[in-house]
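Structure first, then comments.
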Amino acid sequence: MLGCLKARERTYKKGEYIYRIGDETTALGVVISGKALVETEDYWGNVNILVAAVPGDMFAEAFACMPDEASRVNVVADTDCTVVLMDVSRIVGTCTSACSFHQRVVRNLLTVLARKNLALTQKNEHLTKRSTREKVLSYLSIQSRKTGSSSFDIPFNRQQLADYLSVERSALSSCLSKMQKDGVIRFHKSHFELM
């Protein structure tokens, strides 16, 4: 399948751009190892993290499916990472053998697109909250539901969480400290426990 899809493996060092805003691409990426951040950036350099892509996660599929649309996001290696880039036209156009594996890849792509749509809907739920506390509680509630536990790790450090929730880092840190003092949560670095 990898040959059929013209897949190519690439490695990136922490901080390297995999895709930049304005890049045109026909290839989607899958994280094999490490972590990449999908983020937007405004004219003044303010960053908003959309998602953290970890092994098995896909990125740039929307822009690869629309070859005349330039990327509106940066994809940056948050750690040293390895990705596989695949030509989307080779995915959506079946190969001459029309194998069952190819059909499964197409189904998986649709599933990933649906999950990303849900993730962006969830992020929108967080961002529509009026206060930093409400945004944090909304985010932590979803993370707890995903893991099925009141104790879990999140994929962001403090600055990344602030960027994800579109709040100032100092306001986030203050809010987290107050919530811990109030007995609502306990946390250490990226590990949280809902009380």
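The values are calculated or read from the model by the stated rules, or taken from the named source; none is laboratory data. It should be emphasised that the depicted structure is a prediction, and the values quoted were computed from it without experimental measurement. Backbone-built Cβ (ideal geometry, glycine too); neighbour counts: all protein chains shown. The protein model used for the area step is the full one, side chains on, heavy atoms only, and it has no ligands, DNA or RNA in it. Shrake-Rupley method; radii C 1.70, N 1.55, O 1.52, S 1.80 Å.
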Taking only Cα atoms and a 10 Å spring cutoff, compute GNM fluctuations for the chain and point out the largest among GLY15, GLY29, GLY148.
GLY148
Run the dipole for the range 79-154 about the Cα centre, Lys and Arg Cβ at +1, Asp and Glu Cβ at -1, nothing else charged, and hand back the magnitude in debye, nearest 20.
320 debye
Rounded to one decimal in nm, the spacing of the 7 Å Cα→Cβ label points at HIS191 and ILE142 is 2.5 nm
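Using only alpha carbon pairs under 8 Å that are at least six residues apart, calculate the relative contact order of the range 11-152 and give it in whole percent.
Numbers: 230 pairs, mean separation 37.4, N = 142.
With pairs under 8 Å counted, the relative contact order is 26 percent.
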Run lengths n ≥ 4 of DSSP H only: what is the helix-derived mean residue ellipticity at 222 nm for the chain, with -39500 (n - 2.57) per run over all residues, to the nearest 500?
-12000 deg cm²/dmol
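Rounded, prolate or oblate, given the Cα gyration tensor of the range 5-98, with a/c below 1.5 counting as rounded? Working shown, then result.
Details: a/c = 2.51, a/b = 1.43, b/c = 1.76.
Note, shape of the range 5-98 comes out oblate.
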Everything considered on the Cα gyration tensor (a ≥ b ≥ c; rounded for a/c under 1.5, else prolate if a/b is larger than b/c, else oblate), the range 126-195 must be described as rounded
Do any trypsin sites (Lys or Arg not before Pro) in the range 90-195 lie in a DSSP loop with no more than 15 other beta carbon atoms within 10 Å, and if so, which?
LYS129, ARG130, LYS189
Given (1) 0.97; (2) 1.02; (3) 0.94, the label whose value is Rg/Rh (Cα atoms, Kirkwood Rh) derived from this model:
(2)
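Please state the shape class of the range 72-136: rounded when a/c is under 1.5, otherwise prolate if a/b exceeds b/c and oblate if not, all from the C-alpha gyration tensor. Don't skip to the answer; put the middle values down first.
On the way: a/c = 3.72, a/b = 2.01, b/c = 1.85.
Prolate is the answer for the range 72-136, as a/c is 1.5 or above and a/b outweighs b/c.
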Chymotrypsin sites (Phe, Trp or Tyr not before Pro) within the range 1-47: which are DSSP loop residues with at most 15 other Cβ atoms inside 10 Å?
TYR43, TRP44
Among ILE18, ILE91, ILE142, which one shows the biggest mean-square fluctuation in a GNM of the chain, springs joining Cα atoms closer than 10 Å?
ILE142
For the range 25-84 and the range 164-195, what is the separation of their Cα centres, given in Å?
27 Å
Evaluate the charge dipole of the chain about its Cα centre and quote only its size in Debye, nearest 20, assuming +1 on the Cβ of each Lys and Arg and -1 on the Cβ of each Asp and Glu.
640 debye
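Please give the per residue accessible area of the range 39-87, computed with a probe of 1.4 Å over protein heavy atoms only, in Å².
Working: 2270 Å² over 49 residues.
Heavy-atom SASA per residue in the range 39-87 reads 46 Å².
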Charges only on Cβ, +1 for Lys and Arg, -1 for Asp and Glu: so what's the dipole of the range 1-106 about the Cα centre, in debye to the nearest 20?
440 debye
Could you tell me which trypsin sites (Lys or Arg not before Pro) in the range 1-70 are loop residues by DSSP with no more than 10 other beta carbons within 10 angstrom of their beta carbon?
LYS13
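Rounded to the nearest 0.05, what FRET efficiency do GLU125 and SER151 have when you use their Cβ-Cβ distance and R0 = 22 Å? Walk me through the numbers before you get to the answer.
Values: r = 22 Å, r/R0 = 1.02.
Here the calculated transfer efficiency is 0.45.
Could you pull out the pairs from LYS35/LYS135; LYS6/LYS146; LYS129/LYS189; LYS6/LYS135 whose alpha carbons sit more than 31 Å apart here?
On the way: LYS35/LYS135 24 Å; LYS6/LYS146 34 Å; LYS129/LYS189 24 Å; LYS6/LYS135 41 Å.
Flagged as over cut-off: LYS6/LYS146; LYS6/LYS135.
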